[in-house]
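The values are calculated or read from the model by the stated rules, or taken from the named source; none is laboratory data. All values reported here derive from a predicted model rather than from experimental measurement. Please note: Cβ atoms are built from the backbone with ideal geometry, for glycine as well, and neighbour counts cover all protein chains shown. For accessibility, only protein heavy atoms count, side chains too; no ligands or nucleic acids. Shrake-Rupley method; radii C 1.70, N 1.55, O 1.52, S 1.80 Å.
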Amino acid sequence: MELGRINLYRITLPFQGSFSISRLEGRSSTRIVVEIIADQGKIQGYGEGLPIAFVTGETPETVIKDVEAFAGGKFFPRDLEDIAQIWDFVDRLPEGKEHNAAVCATEMALLDVLGKAQGRPLLDYLPRRFFSPTISYGASITLGDRARIEQICRMIKSMGIGHIRIKMGSDLEQNRTTLQTVQEVLGPDCAKRGDPNGVWDFDLAMQHLPLLKEYGVRIIEEPMPSTSQGFVEFAKAVQSEGLTLMACESAPTLGELEKIIDQGYYHMFNVKLCRSGGFRRTLRIVDHLRRLTRPFQIGCTLGEAGLLSAAGRALCLVCSDAVTYDGSYDRFMLKENIVEEDVGFGYGGAAGPLGGKGLGVTVKGKSLSRLSDFSTSLVIR
């Protein structure tokens, strides 16, 4: 199969409401969609990269530049026939978190176009040792006032979801109100983890500790940078109370994750496909955690559209040993999607394989141009 052209689209999709976190005003999200044209236009493959500047330093502009550089490189698989060519190509790309969204989008588009050419689903190219035919997603509660939190909680309850991530900020009383509302609507048996996205300092973190215990929050996700004053003392206090610290933003690459493990304060890890650079790199992280018997969850990036949701589904299904799963939220979050299919989940968060070739979703071709505020095209030589 000859790869002839790559089209890149910068697309900002508005949210249905506010989905803010402590580090981002959640009104919309901007992604780069990679479209690979093969066999003189007979086959198209698609990938999505969603850069988050405060995590990896990437922007939509850097993703575009990276993908252009990757496609023009010596090892790009212009004549694509086998999955080994994709893995070899990814292994030769620059290391470092500042390229990961671009690597993810490029790898995803190559996998999609190969699957369509060979009539095979994405799952056929992934390891099946930990495959499960179904997984159950959790739900996320964003920052907001009491009315907004109650609205989200009631929707979660109606869907029978029993595991939630609670976004928290630097306002202790707002966080208290959120936890009270969650308890009132969802009850004490709902499994909870708190996620301040790294905005707490030592004093604020210590003030939250009894509050977290009171409302049954068992996992605290990246409360502050590990370089912050008092982090070690807080980490020890968390452990003594029987709670678990989970690393997230600070562990986008295998090298950074290894350093965190050596420090010994984080005992769980949130693994994300786009942030870690696609399947090849993410599965290496997961395999490393498995060897060390460290618990992990499969997360997602705020504002993922249908392509990343479809890819994330495949990752979740080959990680049946994950503690929990986040993702496939685009139906609830986005006003408009870039794929025709509903990549959602059922009651209790239940979800299985999407079926079909490649990613298993159909991109709205005409919508890419309409939704894009910038696009560029390059011939693969």
* Asked: To the nearest 10 degrees, how steep is helix 100-118 against the longest Cα principal axis of the chain, on a 0 to 90 scale?
  -> 50 degrees
* Structure fact -> Phi angles of the stretch 232-242, converted by Karplus (6.51 cos²θ - 1.76 cosθ + 1.60, θ = phi - 60°) into ³J(HN,Hα) in whole Hz with x for Gly and Pro, give 4, 5, 5, 4, 5, 5, 4, 5, 5, 8, x
* **Rounded to 10°, Cα long-axis angle of helix 279-291 versus longest principal axis of the chain** => 40 degrees
* Using the Karplus curve 6.51 cos²θ - 1.76 cosθ + 1.60 with θ = phi - 60°, work out ³J(HN,Hα) for each residue of the stretch 168-182 in order, rounded to whole Hz, and write x for Gly and Pro. => 10, x, 9, 9, 4, 6, 5, 5, 4, 4, 4, 5, 4, 5, 4
* Structure fact -> Along the stretch 216-230, Karplus-curve 3J(HN,Hα) (6.51, -1.76, 1.60; θ = phi - 60°) to the nearest Hz, with x for Gly and Pro, reads x, 7, 9, 10, 10, 9, 6, x, 7, x, 5, 8, 5, 4, x
* To do: Report the full-extension gain for the segment Arg27 to Thr376: residue separation times 0.36 nm, less the Cα-Cα distance, to one decimal in nm.
  => 123.1 nm
* Asked: Straight-line reach from Lys116: which lysines have Cα under 19 Å away, leaving out those fewer than 8 places along the same chain?
  -> Lys42, Lys357, Lys364
* Asked: If you line up the long axis of helix 60-71 against the longest principal axis of the chain, both from Cα atoms, how many degrees apart are they, to the nearest 10?
  -> 40 degrees
* Asked: Say R0 is 22 Å: what FRET efficiency, to the nearest 0.05, do Glu258 and Ser320 get from their beta-carbon distance?
  -> 0.35
* Per the helix-only calculation at 222 nm, which mean residue ellipticity applies to the chain, given -39500 (n - 2.57) for every DSSP H run of n ≥ 4 and division by its residues, nearest 500 deg cm²/dmol? -> -11000 deg cm²/dmol
* **Ordering of 84-94, 140-150 by burial proxy (mean other Cβ atoms within 10 Å per residue, highest first)** => 140-150, 84-94
* To the nearest 0.05, what FRET efficiency results for Arg120 and Ala84 with a Förster distance of 22 Å applied to their C-beta separation? -> 0.95
* Structure fact -> Quick tally, 1.4 Å probe accessible area for Met159, Met108, sorted with the most first, runs Met159, Met108
* Give the cross-link partners of Lys74 among the lysines, using a straight C-alpha distance below 24 Å as the criterion and excluding same-chain residues fewer than 8 apart. => Lys65, Lys97
* **Where labels lie 7 Å past Cα in the beta-carbon direction, separation of Gln239 and Arg284 in nm** => 2.9 nm
* Go through Lys157, Lys335, Lys116, Lys192 and list them by solvent-accessible area, largest first, probe radius 1.4 Å. => Lys335, Lys157, Lys116, Lys192
* Please give the peptides 34-45, 362-373, 295-306, 268-279 ranked by average Cβ packing (other Cβ atoms within 10 Å per residue), highest first, as a rough proxy for protection. => 268-279, 295-306, 34-45, 362-373
* Which FRET efficiency value, to the nearest 0.05, is calculated for Glu336 and Asp145 with the Förster distance at 35 angstrom and r the Cβ-Cβ distance? -> 0.85
* Straight-line reach from Lys335: which aspartates and glutamates have a Cα under 20 Å away, not including same-chain ones fewer than 8 places off? -> Glu25, Glu48, Glu304, Asp326, Asp373
* To do: With label points built 7 Å along Cα→Cβ from the Cα atoms of Tyr265 and Gln229, find their separation and express it in nm.
  => 1.4 nm
